[in-house]
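Colleague: Okay, here's the structure, questions in a sec.
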Amino acid sequence: MTGEDGKGEGELIIYRTEDGTDELQLRLVDGSVWLTQAEIGTLFQTTPQNITQHVRAIYEEGELTEEGTCKQLLQVRQEGARQVSRKSKLYNLKVILAVGYRVRSPRGTQFRRWATTALEEYLVKGFVMNDERLKEPAGWDYFDELLERIRDIRSSEKRFYQKVRDLFAQTSSDYDKDSDLAQTFFATIQNKLVFAATGMTAAELIVARADPTKPNMALTNWKGERVRKGDVTTSKNYLTADEVDTLNRLVTGFLEFAELRAKNRQTTTMSDWVAQTDRFVAFNERAVLQGAGRISHTRMEQIAHERYETFDGKRRLAENEAAEREAIAELEQIEAQARRLPKPAAPGKKRGKKAP
């Protein structure tokens, strides 16, 4: 099962039947998955007309109500050379399972088993793991890839901040979320780990690498399809693949170190935690940051945003020029096609009678 982003349809979950003959895209909307009647028919190997009868009976008998289990969803489909938008009636997982019980096919049994295990876990937790397969790898082993992805998630700024805040609130005897030290503590720890991975603080790295003359402002990672203003002040967005791997490993190791201290109920002060961070970095044979760095966060934001405005202005100009070139090319193509059309015959001239 895989999750994907579907335009205008919510997240898509791919379900492949056990016999491998069919693959369905279940739309994840409002905490449930949805299929059309035709798709339910494909799933259970029966006709859409048969599904219509079962759905009608489910509602008429009061097993389910139409409200909350049926909705209209705008779908965009490619038909030939054009995209067509149509509203389709979709039914959620409760209806799909109810129909599956009535159809009584092997496909129905297989889908119910999958829905009550893997799908339910995915809907609640956002992930599914096959523990036994990971413990006993056969063929290609994806365990290292899984670890890499988990490390990347743990080192994201929001996730790291939340974990550090919770851990140090539990283990620091002088923790006060409103104090100046608490306000800067996260940035201090983050800077030490970024410095250990790159030799620069987060602010120094952004100022050194943000370049409005380079494609995507020299970012190696960003949200969405194009670089936006909010992307240019995140240091991790500028890291190389090797630096990302190093930082992810350092963050994961540091959090394990901090969690073990919390488990052992080793209470310490906030300033002692800074010293423990230096100790952790030195133990891993990485450079230890002394001080706060040469560039403040405020100054970094100012510089990065100024460079973004320069970059965005050039990008808009380039996009306008490209659009103009495309319009000119289309016009030239239309004119060329017009020149190739056969010219209409000239109307015949009427001959006058000669005078006697």
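For (1) in contact with a helix residue (DSSP H, G or I) (Cβ under 8 Å, 6 or more places away or on another chain); (2) surrounded by 13 or more Cβ atoms within 10 Å (Cβ to Cβ); (3) of a type in the set (Ser, Thr, Tyr); (4) under 28 Å from Phe195 (Cβ atoms), each residue gets a yes or a no:
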site: Ala292; (1), (2), (3), (4): yes, yes, no, yes
site: His297; (1), (2), (3), (4): yes, yes, no, yes
site: Glu301; (1), (2), (3), (4): no, yes, no, yes
site: Leu317; (1), (2), (3), (4): no, no, no, no
site: Ala327; (1), (2), (3), (4): no, no, no, no
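Colleague: I'd like to check something: does segment 236-250 contain any residue that is polar (S, T, N, Q) and modelled with pLDDT under 90? Explain how you work it out, then say what you get.
Modeller: Taking segment 236-250 first, the residues polar (S, T, N, Q) are 237, 240, 246, 248.
From the residues that got through so far, the ones that are modelled with pLDDT under 90 too are 248.
Checked against the condition, which is being polar (S, T, N, Q) and modelled with pLDDT under 90, segment 236-250 yields at least one hit.
Colleague: Any residue that is in contact (Cβ under 8 Å) with a residue 60 or more places away in the chain, assigned by TED's automatic domain parsing to the domain that holds Arg112 and aromatic (Phe, Trp, Tyr) - is there at least one of those in segment 55-77?
Modeller: No, there is no match, as no residue in segment 55-77 is in contact (Cβ under 8 Å) with a residue 60 or more places away in the chain, assigned by TED's automatic domain parsing to the domain that holds Arg112 and aromatic (Phe, Trp, Tyr).
Colleague: Please go through segment 89-135 and pick out each residue that is modelled with pLDDT of 75 or more and part of a loop (DSSP other than H, G, I, E, B).
Modeller: Arg104, Ser105 - these are the residues of segment 89-135 that are modelled with pLDDT of 75 or more and part of a loop (DSSP other than H, G, I, E, B).
Colleague: Let me ask you something else. Just one of Glu61, Glu67, Glu39 is touching a strand residue (DSSP E or B) at 6+ places or on another chain (Cβ under 7 Å), at pLDDT 85 or above and of a type outside the set (S, T, N, Q); which is it?
Modeller: Criteria check complete, one pass: Glu39.
Colleague: For segment 197-235, give me each residue that is in contact with a helix residue (DSSP H, G or I) (Cβ under 8 Å, 6 or more places away or on another chain), outside any loop (DSSP other than H, G, I, E, B) and surrounded by fewer than 13 Cβ atoms within 10 Å (Cβ to Cβ).
Modeller: Scanning segment 197-235 gives a single hit, Lys229.
Colleague: Further question: (1) of a type outside the set (S, T, N, Q); (2) under 24 Å from Ile303 (Cβ atoms); (3) modelled with pLDDT under 90: which one isn't true of Glu204, the others all being true?
Modeller: Of (1) of a type outside the set (S, T, N, Q); (2) under 24 Å from Ile303 (Cβ atoms); (3) modelled with pLDDT under 90, only one is false for Glu204: (3).
Colleague: Being surrounded by 13 or more Cβ atoms within 10 Å (Cβ to Cβ) and either more than 16 Å from Leu26 (Cα to Cα) or modelled with pLDDT of 80 or more (or both) is the filter here; which residues of segment 70-87 pass it? Before you say what the answer is, go through the steps one by one.
Modeller: At the first step, the residues of segment 70-87 found to be surrounded by 13 or more Cβ atoms within 10 Å (Cβ to Cβ) are 70-71, 73, 75.
Cys70, Lys71 - these are the residues of segment 70-87 that are surrounded by 13 or more Cβ atoms within 10 Å (Cβ to Cβ) and either more than 16 Å from Leu26 (Cα to Cα) or modelled with pLDDT of 80 or more (or both).
Colleague: Another question, if that's okay. Which numbered condition trips up Tyr308, out of (1) surrounded by 18 or more Cβ atoms within 10 Å (Cβ to Cβ); (2) within 20 Å of Phe186 (Cβ to Cβ)?
Modeller: Only one criterion in (1) surrounded by 18 or more Cβ atoms within 10 Å (Cβ to Cβ); (2) within 20 Å of Phe186 (Cβ to Cβ) is unmet by Tyr308, namely (2).
Colleague: I'm checking my understanding of the structure. Among residues of segment 27-37 that are in contact with a Ser or Thr (Cβ under 9 Å, 6 or more places away or on another chain) and free of Cβ contacts under 8 Å to residues at least 60 places away in the same chain, which one is nearest to Tyr101 (Cα to Cα)?
Modeller: My answer is Gln37.
Colleague: Going residue by residue through segment 278-299, is there one that turns out to be touching a residue at least 40 places away in the same chain (Cβ under 8 Å), small (Gly, Ala, Ser) and in a helix (DSSP H, G or I)?
Modeller: Within segment 278-299, none of the residues are touching a residue at least 40 places away in the same chain (Cβ under 8 Å), small (Gly, Ala, Ser) and in a helix (DSSP H, G or I).
Colleague: Turning to a different aspect of this structure: If only one of Phe168, Phe186 is touching a Phe, Trp or Tyr at 6+ places or on another chain (Cβ under 7 Å), at pLDDT 70 or above and surrounded by fewer than 17 Cβ atoms within 10 Å (Cβ to Cβ), which one is it?
Modeller: Exactly one of Phe168, Phe186 is touching a Phe, Trp or Tyr at 6+ places or on another chain (Cβ under 7 Å), at pLDDT 70 or above and surrounded by fewer than 17 Cβ atoms within 10 Å (Cβ to Cβ), namely Phe186.
The values are calculated or read from the model by the stated rules, or taken from the named source; none is laboratory data. None of these values were measured; they are calculated from a predicted model. Cβ coordinates were reconstructed from backbone atoms using ideal geometry, including for glycine residues, and neighbour counts include every protein chain displayed.
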